[in-house]
Amino acid sequence: MLEKITLIIPGRPVPMVRMTRRGKYVKPRAQQYLDYLNAIAGYCYTVRPRPLLWDNISVDAAVYLPEGRRGDLDNYLKAFLDGLQRGGVFTDDKIVTEARVKIIPCPRGREKAEITIRKIG
C-alpha cells in the first residue's frame, strides 16, 4: 500500500496572497498566485489522478528560492495545500494534521517546491 507521495513542482513557488472578490481579477500578485495553484493542480493530475483516502496526513515542503528571497512560511504552506486540494490529491485540507516547511537557498533559475505527503498511523 502506498504510504508516501513526493511531488516536485518546478518554477518559483508563489506564496498565498490575500484577495478580495474583485482583487483577484485586477491585482497582478493575486493572479500570479491563482496561476500557481493551477500549475500545482495540473502537475498533480499528471502524476496522481486519484484522491488520497487517508484520514491523517503529514505534509513536508521544501521551498527552493534564490539567496536573499523569502516569504512567510505559512503562506507557502497554504498555497501548497490549496493547490493539492485543487489538484484532487485530497478533498479537504482538514486531514492534514502535521506540516513542516523550510526554505532552502538555490541558484537563480532552479526554483522549485518539493512536497512530501505521508500517511500518519
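Any read-out appearing in this document is the output of simple, stated calculations on the displayed coordinates, not a laboratory observation. Computed from a prediction, not measured in an experiment: that's the story for all the values here. Every residue, glycine among them, receives a Cβ derived from its backbone with ideal geometry; neighbour counts consider all protein chains shown.
Per-residue ellipticity at 222 nm, computed for the chain from helices alone with -39500 (n - 2.57) per DSSP H run of at least four residues, works out to -10000 deg cm²/dmol. Between region 95-117 and region 54-85, the C-alpha centres lie 6 angstrom from each other.
Across LEU52, LEU65, LEU81, mean-square fluctuation computed from a Gaussian network of the chain (C-alpha pairs under 10 Å connected) peaks at LEU52. Based on Cα atoms of the chain, Rg over Rh with Rh as the Kirkwood radius reads 0.97.
The chain: longest stretch without exposed GluC sites (Glu not before Pro) (DSSP loop, at most 14 other Cβ within 10 Å), sites themselves excluded?
4-66
Excluding same-chain neighbours fewer than eight residues apart, the aspartates and glutamates reachable from LYS102 by a Cα-Cα span under 19 Å are ASP60, GLU67, ASP72, ASP74, ASP82, GLU111, GLU114. What range in the chain is the longest one free of trypsin sites (Lys or Arg not before Pro) that are in a loop by DSSP and have at most 15 other Cβ atoms within 10 angstrom? The longest uninterrupted stretch comes out as 23-68.
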